[in-house]
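Each remark here refers to the structure printed beneath this line.
The values are calculated or read from the model by the stated rules, or taken from the named source; none is laboratory data. Just so we're clear, the structure is a prediction, and the values are computed from it rather than from any experiment. Here the Cβ positions follow ideal geometry from the backbone for every residue, glycine too, while neighbour counts run over all protein chains shown.
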Amino acid sequence: MANQNEQFKKIVSHCKEYGFIFQSSEVYDGLSAVYDYGPYGVQLKNNIKSYWWKSMVQMHENIVGIDASIFMHPKTWKASGHVDAFNDPLIDNKDSKKRYRADVLVEEYVEKIENKVKKEITKARKRFGETFDEAMYKETNPRVKGYMDKMETINTRLATSMSNSDLDDIKSLIEELEIACPVSGSKNWTEVRQFNLMFSTQLGTIAGEEGKLYLRPETAQGIFVNFLNVQKTARQKIPFGIAQIGKAFRNEIVARQFIFRMREFEQMEMQFFVRPGEEMKWYAYWKEARIKWHKTLTPDEKLRFHDHENLAHYANAATDIQFEFPFGFRELEGIHSRTDFDLSSHQELSGRKIQYFDAELKENYVPYVVETSIGCDRMFLSVMSNCLIEDIVPDADGKETTRTVLKLPPALAPIKCAVLPLLKNDERMTNAARDIINKLKFSFECYYEEKDGIGRRYRRQDAIGTPFCVTVDHQTLEDQTVTIRERDSLAQERVSIEDVERIVSEKVDMKKLLQA
Ligand code: GAP
């Protein structure tokens, strides 16, 4: 656990130190759970978005994109159920005056038990060595079995009271488990009450309730209300999908863990419209397709599905793709079979027919929907968690030294190639380096740097994930060759300047990820 905390702290400070992510409005001591992406952060984030967009839109003839507005007609949120049901159960501690999500307090309690189980298992694995059977141990060791049963009982009770909106029972559970406020240590809690997560604002021209607008809490509704516009203009037949990347806003009560849970964040969502009755086939298809996408960036053991027991009001099946963040397995992407709930609700509340004529079936119907929804910022954090590494490498004198390196897939790297003149006072070298960049910059992002020794400059590029460093030296001036250094292997090769563009382009091409 301590190590995982250390790793998380390293990611946060690395993001700040190297210009990936800053706290919003830092000069005013920051705004909680709101973050700004810096020079390398925005490039990495754009590359993640581009990889998702290409995988969804470019690679599928039957998926098209849109970019809908953040503001939508207020009735949208009535129809979608967000006005009535987009709530979290909230509880205050009367002594510390701190506010918590009641369900999260219980989940954290369960997590502590889970950590105890993990500790027992690690100890037992050491004791029994090769012959250790984890499943059997969990079933037969009385202490571990006790922990497992306790977790199961708490989880089931929480799931039931959440789905029944039984706020009194959640409060009772907190009292029975004797959960204390992490700040004051007191168990002096208020009642649990519902808190709507949508941010609202006011339209300038209309006073009062009628002019109340919401900042969208999900991008999906912009897709639903445009269903017919897009289907007709893009001449799509069912099954087909509509994809969108955009900002969403939620007034999260528990907003922490850096960019994992933010109040302003970005979603990459795709709604896939299918014939009623075929949704489970497509749900299975998208589960498979999406985990495959993640596996192009993440080792298998850091990913898992987590099926929902507690279904949202619009879903008849739902799963999360969870990633093992430094603070444990958490939701990275949601895949939901949303039935015809949204289109039917918009049809009803707007009074407009929102239906599709299926020429094969010769029938009108409201399509069913399978949704894939991933948070771009969480994806960013998962990439950082995967790629920020400390490895042991030889220094200039051949001694072992530790370096911090961001082993990003080259296609996602903010800078693809740094061009470094060996000596900053030799104009012939600096001019040659500038000439190289002036050619390369048409193909990919480059970086010029002449300050400090070459070793330090390599380390700085390692820290921002640059896959290639090209060095201009004395020999360059004689024979038009440079050294090209590869970030992960540290291999250095002397190549002709003419070949640099081809070598780098081949390695950083997103095609490799798309074909994986
Ligand atoms: N349209 C469905 C929907 O919005 P969700 O599970 O509430 O479903 C989808 O959100 C994804 O959006 C999540 O898997 C997560 O990656 C991301 N997400 C949700 N809330 C977030 C927050 N407060 N901060 C960052 N990302 C968030």
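Only residues that are touching a Leu at 6+ places or on another chain (Cβ under 9 Å), among the hydroxyl-bearing types (Ser, Thr, Tyr) and free of Cβ contacts under 8 Å to residues at least 60 places away in the same chain were counted in the range 1-47, giving 3. Taking the criterion of being part of a helix (DSSP H, G or I) and either touching a helix residue (DSSP H, G or I) at 6+ places or on another chain (Cβ under 7 Å) or surrounded by 18 or more Cβ atoms within 10 Å (Cβ to Cβ) (or both), the residues of the range 464-516 that qualify are ILE464, THR476, LEU477, ILE497, VAL500, GLU501, VAL504, LYS507, VAL508, LYS512, LEU513, LEU514.
Need at least 3 residues that are assigned by TED's automatic domain parsing to the domain that holds ILE223 and modelled with pLDDT of 95 or more per element, so show me which helices (runs of 4 or more DSSP H) inside the range 328-443 make the cut, counting only ones lying wholly within it. Reasoning before the result, please.
Working: elements: 341-350, 376-387, 427-440.
Those helices (runs of 4 or more DSSP H) span 341-350, 376-387.
Restricted to helices (runs of 4 or more DSSP H) entirely inside the range 55-135, those with at least 2 residues that are over 30 Å from MET148 (Cβ atoms) are 75-79, 82-85. Residues that are surrounded by 12 or more Cβ atoms within 10 Å (Cβ to Cβ), under 32 Å from the mean Cα position of the chain (by Cα) and not basic (Lys, Arg) within the range 135-161 comprise TYR147, MET148, MET151, ILE154, ASN155, LEU158, ALA159, THR160, SER161, listed in sequence order.
For the range 13-42, a tally of residues being assigned to a helix (DSSP H, G or I) and surrounded by 19 or more Cβ atoms within 10 Å (Cβ to Cβ) returns 3.
Report whether or not ARG290 is among the basic types (Lys, Arg) and either within 10 Å of the ligand (Cβ to nearest atom) or surrounded by fewer than 19 Cβ atoms within 10 Å (Cβ to Cβ) (or both).
On the way: among the basic types (Lys, Arg): yes; either within 10 Å of the ligand (Cβ to nearest atom) or surrounded by fewer than 19 Cβ atoms within 10 Å (Cβ to Cβ) (or both): no.
Against the criterion (among the basic types (Lys, Arg) and either within 10 Å of the ligand (Cβ to nearest atom) or surrounded by fewer than 19 Cβ atoms within 10 Å (Cβ to Cβ) (or both)), ARG290 does not qualify.
Would you be able to say whether some residue in the range 99-120 is surrounded by 13 or more Cβ atoms within 10 Å (Cβ to Cβ), among the β-branched types (Val, Ile, Thr), more than 30 Å from ASN251 (Cα to Cα) and in the same structural domain as ALA159 (by TED's automatic domain parsing)? Yes, because at least one residue in the range 99-120 is surrounded by 13 or more Cβ atoms within 10 Å (Cβ to Cβ), among the β-branched types (Val, Ile, Thr), more than 30 Å from ASN251 (Cα to Cα) and in the same structural domain as ALA159 (by TED's automatic domain parsing). When the range 162-174 is filtered for residues that are more than 14 Å from GLU191 (Cβ to Cβ) and either surrounded by 14 or more Cβ atoms within 10 Å (Cβ to Cβ) or touching a residue at least 24 places away in the same chain (Cβ under 8 Å) (or both), the ones remaining, listed by number, are MET162, SER163. Only one entry in GLU278, GLU252, GLU266 is within 12 Å of the ligand (Cβ to nearest atom) and either surrounded by fewer than 17 Cβ atoms within 10 Å (Cβ to Cβ) or more than 15 Å from MET379 (Cα to Cα) (or both), namely GLU252. Residues in the range 197-240 that are farther than 16 Å from GLN271 by Cβ and of a type in the set (Asp, Glu): GLU209, GLU210. Exactly one residue out of PHE8, PHE20, PHE71 is in contact with a His (Cβ under 9 Å, 6 or more places away or on another chain) and not charged (D, E, K, R), and it is PHE20. Among the residues making up the range 326-353, those that are in contact with a strand residue (DSSP E or B) (Cβ under 9 Å, 6 or more places away or on another chain) and either within 11 Å of the ligand (Cβ to nearest atom) or acidic (Asp, Glu) (or both) are ARG330, GLU331, LEU332, GLU333, GLY334, ILE335, HIS336, ARG338, ASP340, ASP342.
Sort through ALA411, ALA418, ALA432 and tell me the only one that's surrounded by 19 or more Cβ atoms within 10 Å (Cβ to Cβ), touching a residue at least 24 places away in the same chain (Cβ under 8 Å), more than 15 Å from ARG487 (Cβ to Cβ) and in contact with a helix residue (DSSP H, G or I) (Cβ under 6 Å, 6 or more places away or on another chain). Working first, answer last.
Details: ALA411 fails: more than 15 Å from ARG487 (Cβ to Cβ); ALA418 fails: more than 15 Å from ARG487 (Cβ to Cβ).
Testing whether each residue is surrounded by 19 or more Cβ atoms within 10 Å (Cβ to Cβ), touching a residue at least 24 places away in the same chain (Cβ under 8 Å), more than 15 Å from ARG487 (Cβ to Cβ) and in contact with a helix residue (DSSP H, G or I) (Cβ under 6 Å, 6 or more places away or on another chain) leaves just ALA432.
Residues that are surrounded by 15 or more Cβ atoms within 10 Å (Cβ to Cβ) and within 21 Å of the chain's Cα centre (by Cα) do occur in the range 58-66, at least one of them.
Please list, ordered by residue number, the strands (runs of 3 or more DSSP E) wholly in the range 198-287 having 2 or more residues that are touching a helix residue (DSSP H, G or I) at 6+ places or on another chain (Cβ under 7 Å).
On the way: elements: 200-202, 212-214, 240-249, 264-274.
By residue number, 240-249, 264-274.
Residues that are part of a strand (DSSP E or B) and in contact with a Lys or Arg (Cβ under 6 Å, 6 or more places away or on another chain) do not occur anywhere in the range 299-315.
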